[in-house]
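The values are calculated or read from the model by the stated rules, or taken from the named source; none is laboratory data. Since we're looking at a predicted model, the values are computed, not measured. Glycine also receives a Cβ, built like all others from the backbone with ideal geometry; neighbour counts cover every protein chain displayed.
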């Protein structure tokens with residue numbers, strides 16, 4: 001079968017993977033460590049073949065996928081978890097402390113401030129899976145420091161690699177149809193005001209490249225571009 005999912009190298013040992021067939025629609029990340037690979041987020045259920053294909057292109061397989069870290073509980077980030085865990089059952093499942101009980105099914109998902117999305121969420125069956133380990137701000141995942149950025153979800157976290165000066169904003173910033181916005185878009189945020197504070201917090205970090213889970217890779221003037229997004233934000 002011809003290779004269709006080509007990992008994009010962001011830094012030594014750090015790769016971005018398109019979890020859908022549309023470039024930059026949903027990104028997940030593969031990080032090489034001494035003992036194997038760490039996967040950051042799992043996309044949607046249909047993303048599993050693409051992630052497996054990308055890992056294979058990098059020389060990995062089910063036995064070398066050692067960790068799966070989930071940044072928050074939204075279905076476009078954990079939808080592929082069951083499939084990836086079934087394929088690589090020895091992989092450790094990790095999540096932020098505030099997100100882990102939701103991912104595990106012990107607590108309900110965060111409520112959106114938008115009444116339409118809130119009603120949809122309450123009717124939706126959110127995928128759940130046990131979490132083996134939790135992390136908090138300041139902990140390290142695959143060489144990246146965990147940065148608490150609540151607002152998009154109440155336990156949402158971003159990741160910073162200080163050596164590479166590489167920021168994975170996850171959904172603290174994101175782009176749908178109308179350019180990059182704080183928290184991807186206001187209706188998707190559990191606490192929009194908190195999402196804006198978290199976005200501003202990221203601007204104080206030392207990074208030159210920023211990767212969003214929804215939207216483009218920012219290599220040139222990344223911090224200035226994200227600062228402009230915060231300054232234009234009206235909520």
Seminar exercise, completed: Of 19, 88, 100, 62, the only residue that is surrounded by 21 or more Cβ atoms within 10 Å (Cβ to Cβ), farther than 25 Å from residue 175 by Cα and in contact with a helix residue (DSSP H, G or I) (Cβ under 8 Å, 6 or more places away or on another chain) is 88
Seminar exercise, completed: All conditions in (1) closer than 24 Å to residue 207 by Cβ; (2) in a helix (DSSP H, G or I); (3) touching a strand residue (DSSP E or B) at 6+ places or on another chain (Cβ under 8 Å) are true of residue 37 except (2)
Exercise. Is it the case that residue 109 is in contact with a helix residue (DSSP H, G or I) (Cβ under 6 Å, 6 or more places away or on another chain), modelled with pLDDT under 95, assigned to a loop (DSSP other than H, G, I, E, B) and crowded, with 17+ Cβ neighbours inside 10 Å?
Worked result: yes
Exercise. Taking into account only those residues within segment 224-235 that are under 19 Å from residue 27 (Cβ atoms) and surrounded by 16 or more Cβ atoms within 10 Å (Cβ to Cβ), which is nearest to the chain's Cα centre (by Cα)?
Worked result: 226
Seminar exercise, completed: residue 50 passes all but one of the listed conditions (1) surrounded by fewer than 24 Cβ atoms within 10 Å (Cβ to Cβ); (2) in contact with a helix residue (DSSP H, G or I) (Cβ under 9 Å, 6 or more places away or on another chain); (3) not in a loop (DSSP other than H, G, I, E, B); the exception is number (2)
Problem set entry | Condition check for residue 76: within 14 Å of the chain's Cα centre (by Cα) and either surrounded by 15 or more Cβ atoms within 10 Å (Cβ to Cβ) or modelled with pLDDT under 95 (or both) | yes
Exercise. List, please: which pairs have Cβ atoms under 7 Å, are six or more places apart or on different chains, and start with a residue in segment 84-100 that is in contact (Cβ under 8 Å) with a residue 40 or more places away in the chain and at positive phi and end with one that is part of a loop (DSSP other than H, G, I, E, B) and loosely packed, with under 15 Cβ neighbours inside 10 Å?
Worked result: none
Exercise. Can residue 66 be described as in a strand (DSSP E or B), more than 17 Å from the chain's Cα centre (by Cα) and within 21 Å of residue 159 (Cα to Cα)?
Worked result: yes
For this session: Answer yes or no as to whether residue 173 is surrounded by fewer than 19 Cβ atoms within 10 Å (Cβ to Cβ) and either touching a residue at least 24 places away in the same chain (Cβ under 8 Å) or over 24 Å from residue 30 (Cα atoms) (or both).
Result: no
For this session: Write out, first by first residue and then by second, each pair whose Cβ atoms fall under 7 Å of each other, whose residues are 6+ apart or on separate chains, and whose first residue, in segment 209-232, is at positive phi while the second is in a loop (DSSP other than H, G, I, E, B).
Result: 215/24
Exercise. Residues 55, 30, 10: which one is part of a helix (DSSP H, G or I) and at pLDDT 95 or above?
Worked result: 55
